[in-house]
Amino acid sequence: MSVTANSVWNNCLAFIQDNIQPQAFKTWFEPIKPIKLSDNALSIQVPSKFFYEWLEEHYVKLLKVALTKELGDTAKLVYIIKMENTYGNREPFTEKIPSSNRGNMTAQEMDVPIKSKNPELKNPFVIPGIRNIKIESQLNPNYNFDNFLEGDSNRLARSAGMAVANKPGGTSFNPLLVFGGVGLGKTHLAHAIGVEIKDKYPERTVLYISAEKFTQQYIESVKKNTRNDFIHFYQLIDVLIIDDVQFFSGKSGTQDVFFHIFNHLHQNGKQVILTSDKAPVDMQDIEQRLLSRFKWGLSAELQNPDYETRISILKNKLYRDGVEMPDDIVEYVAKHIKTNIRELEGAIISLIAQSSFNKKEVTLELAQQVVEKFVKNTKREVSIDYIQKVVSDYFEMDVATLQSKTRKRHIVQARQLAMFFAKKFTKASLASIGSQIGKRDHATVLHACKTVDNLAETDKQFRKYIEDLTKKFS
Ligand code: ADP
Ligand code: MG
């Protein structure tokens, strides 16, 4: 009997069915369709991205065992996600989504032979002079403008992104630097710009890469003595998107090579798009000449989404997954998760899963439990106001005094401590800390942090202040 995708999958199913609850089998395995079998890799089609993430998170071991039994140790599994949205079926999505907070596994960490398509560059080093090569963009079509919802918090960045996508290299937003806290949509927006450009200008070479991967490739090229090829490769690109450039901090070799690539691209009218978790003024250990390049174009911030935006993001997510959920539940989630869209989505995904699994209505009580889990996991952040209050109380002065322009030593020290703790315990930028603590600038805050560090080492009394105060914040 010849081995086909169908026969392999049917045997896997028989095994899986013996090992899990009937309801789970029905929900998560019956809808899967085997598509093809080649090179010992079985491709299966799953109904949605959520479905795929769920399988990876909960059934990856079981799938591995079943598949290895059928195909041996070299077995591979490829997911094809049937896309319900605008992209239709024309491009099966087979890559892991790097920023998904759900499966904590990345392709490398999985100890199973289940692999998505190798997300690495096929061959980052091409023969010089050949312009006609195909460079895989590494873009995720699921991150597009259509599902990047607009709100006050992202309007500037989103519009700038659109403008760049309409005329890559042809606006003054070059580079475009998108910055903001964790989970606020930097990676999504960066992909969306790339996807849109590919759509409008299919002939342009677009490349998305994380700063981390870029750094690894660079180090590798130095080892192999192919640094020039590395530079040359990147200089061929029309639209270069580098995600999380804060990763470059302290890495002078990588910064140096990026500087050269950047200059070349910029001079030739190519577009550079960068993301970072900090504004340029707050980036540390990045060379001045590079920082000044970052500032040539536009730096646009992604801020925390307001309530309305959070609601629309949740509703959109539910709509795309074809799930209905009562308004009061959606409102509850939106009200309680405020500073991270990834967590917002994570909470709603948990709720969807619970209801689909247990086949029961989502109650407000369940929503409370789920939200609590998310809010607890993210260490509660103390506010800058609270810090100023605690420090002022400790030194028996009022907040106005702490913020005042006086140069009296004990007041200056209290203020510096407040800045120091604000840096330590909040995610606020130096600039924003400065402006909230007596309208100082970011350099003053930086100086305050250094002074506190120094005094902590040399002054016993001062160290005591820090210890006492630290206890009050933890
Ligand atoms: P970051 O790179 O800033 O950490 P991501 O781009 O990974 O954040 O976004 C986290 C999650 O939030 C992703 O699933 C993304 O699709 C979603 N998201 C962020 N902003 C929006 C938005 N404006 N509309 C819809 N989804 C969003
Ligand atoms: Mg990101």
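The values are calculated or read from the model by the stated rules, or taken from the named source; none is laboratory data. Here the structure is a predicted model, which means the values were calculated and not measured. Please note: Cβ atoms are built from the backbone with ideal geometry, for glycine as well, and neighbour counts cover all protein chains shown. SASA here: full protein model, heavy atoms, side chains in, ligands and nucleic acids out. Shrake-Rupley method; radii C 1.70, N 1.55, O 1.52, S 1.80 Å.
Filtering the range 266-281 to residues that are in contact with a Leu (Cβ under 6 Å, 6 or more places away or on another chain) and away from ligand 1 (no atom under 16 Å from the Cβ) leaves Val272, Pro280. Each residue in the range 142-166 was checked for being of a type in the set (S, T, N, Q), more than 7 Å from ligand 1 (Cβ to nearest atom) and closer than 15 Å to Thr187 by Cα, and 2 of them qualify. For Pro47, indicate whether it is without any contact (Cβ under 8 Å) to a residue 24 or more places away in the chain, over 15 Å from Ser7 (Cβ atoms) and outside the structural domain of Glu345 (by TED's automatic domain parsing). So Pro47 does not fit the description; no.
For the range 25-42, a residue qualifies if it is more than 23 Å from Arg320 (Cβ to Cβ) and open to solvent by less than 20 Å² (accessible area, probe 1.4 Å), and the qualifying residues are Phe25, Ala41, Leu42.
Only residues that are among the aliphatic types (A, V, I, L, M) and either within 13 Å of ligand 2 (Cβ to nearest atom) or open to solvent by 50 Å² or more (accessible area, probe 1.4 Å) (or both) were counted across the range 154-204, and they come to 8.
Among residues of the range 179-199 that are assigned by TED's automatic domain parsing to the domain that holds Val239 and over 16 Å from Glu150 (Cβ atoms), those with a Cβ under 6 angstrom from a residue that is assigned to a helix (DSSP H, G or I) and near ligand 2 (Cβ under 10 Å from one of its atoms), sequence gap 6+ or separate chain, pair up as Gly183/Arg342. Assess whether Ile231 counts as being more than 18 Å from Trp296 (Cα to Cα) and either open to solvent by 10 Å² or more (accessible area, probe 1.4 Å) or in a strand (DSSP E or B) (or both). It is true that Ile231 is more than 18 Å from Trp296 (Cα to Cα) and either open to solvent by 10 Å² or more (accessible area, probe 1.4 Å) or in a strand (DSSP E or B) (or both).
Comparison of Ile384, Ile341 shows that the only residue that is closer than 29 Å to Ala24 by Cα and either in the same structural domain as Phe25 (by TED's automatic domain parsing) or of a type in the set (A, V, I, L, M, F, W, C) (or both) is Ile341. Within the range 64-82, the set of residues being at pLDDT 90 or above and closer than 14 Å to Phe29 by Cβ comprises Ala66, Leu67. Do you know which residues across the range 242-253 are assigned to a strand (DSSP E or B) and away from ligand 1 (no atom under 12 Å from the Cβ)? Across the range 242-253, the qualifying residue is only Ile242. Just one of the numbered conditions (1) among the hydroxyl-bearing types (Ser, Thr, Tyr); (2) open to solvent by less than 20 Å² (accessible area, probe 1.4 Å); (3) within 28 Å of Ala443 (Cβ to Cβ) is not true of Thr215: (3).
The listed residues are Leu207, Leu236, and the only one of them that is open to solvent by less than 10 Å² (accessible area, probe 1.4 Å) and away from ligand 2 (no atom under 16 Å from the Cβ) turns out to be Leu207. Contact map, the range 142-168: residues that are charged (D, E, K, R) paired with residues that are more than 10 Å from ligand 1 (Cβ to nearest atom) and open to solvent by 30 Å² or more (accessible area, probe 1.4 Å), Cβ distance under 7 Å, separation 6+ or inter-chain. Pairs shown: Asp146/Thr86; Asp152/Asp306. Once the range 52-74 is narrowed to residues that are surrounded by fewer than 19 Cβ atoms within 10 Å (Cβ to Cβ) and among the hydrophobic types (A, V, I, L, M, F, W, C), the residue that is nearest to the chain's Cα centre (by Cα) is Val60.
Of the listed requirements (1) without any contact (Cβ under 8 Å) to a residue 24 or more places away in the chain; (2) in contact with a His (Cβ under 7 Å, 6 or more places away or on another chain), Val371 misses just one: (1).
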